[in-house]
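Here is the structure we will look at, set down as structure tokens.
The values are calculated or read from the model by the stated rules, or taken from the named source; none is laboratory data. Quick caveat: nothing in here was measured; it's all calculated off a predicted structure. Glycine also receives a Cβ, built like all others from the backbone with ideal geometry; neighbour counts cover every protein chain displayed.
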Amino acid sequence: MIEILEHQNDVKNEDATTFFFDDLADANGVSQEHHDTSIQSSMMISMGDDNDATRQKYFPSFNAHTQQLAGAVACMSIGKQQVVDKCLRIEMCVLRLKNVTTDLLITLSTPENKPISIEKDGFTNVFHEVLSTFSIKDWTLFC
């Protein structure tokens, strides 16, 4: 799922995945009090540098020389949510595009009992494919 949301100025970059993960839990009716939700790992990537190997690994389709990407970061996490009788694996990326006042949320939910192929970094092949092919062709979408 890809969502275009208003940039949350009051949320720090290091707290972005927790904020949106908790928001998803609320939308799914997941109880945080009963530990039906957890984030297992997180990472942050600067989007403003074409020479950054980590950015190139996850987002090779992004052209970092655009003015809109100045100061942008990608906050990524892997977690779980117990929704009714199903445990879901949640992979999330929040692209924090401050210059266009947007938080772009990319989420992949997979039932935990479904066989998946996981890379060394903990993300699935499918999530890697989504991120590596994702690009913004028309920045006027955010105006």
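Checked against (1) more than 17 Å from Ala25 (Cβ to Cβ); (2) out of contact with any strand residue (DSSP E or B) (no Cβ under 8 Å at 6 or more places or on another chain), Leu131 passes all but a single condition, namely (2).
Let's see how each residue does on (1) surrounded by fewer than 18 Cβ atoms within 10 Å (Cβ to Cβ); (2) of a type in the set (Lys, Arg); (3) under 16 Å from Met1 (Cβ atoms):
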| site | (1), (2), (3) |
| --- | --- |
| Ser38 | yes, no, no |
| Cys75 | no, no, no |
| Arg89 | no, yes, yes |
| Met92 | no, no, yes |
| Asn113 | yes, no, no |
| Ile116 | yes, no, no |
| Glu129 | yes, no, yes |
| Ser132 | yes, no, no |
| Cys143 | yes, no, no |
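Taken together, the residues in the stretch 80-107 that are touching a Gly at 6+ places or on another chain (Cβ under 6 Å) and under 17 Å from Trp139 (Cα atoms) amount to 1. Given the condition of a type in the set (Phe, Trp, Tyr), surrounded by fewer than 17 Cβ atoms within 10 Å (Cβ to Cβ) and either more than 24 Å from Glu119 (Cα to Cα) or at pLDDT below 85 (or both), answer yes or no: does some residue in the stretch 11-23 qualify? Yes - at least one qualifying residue is present in the stretch 11-23.
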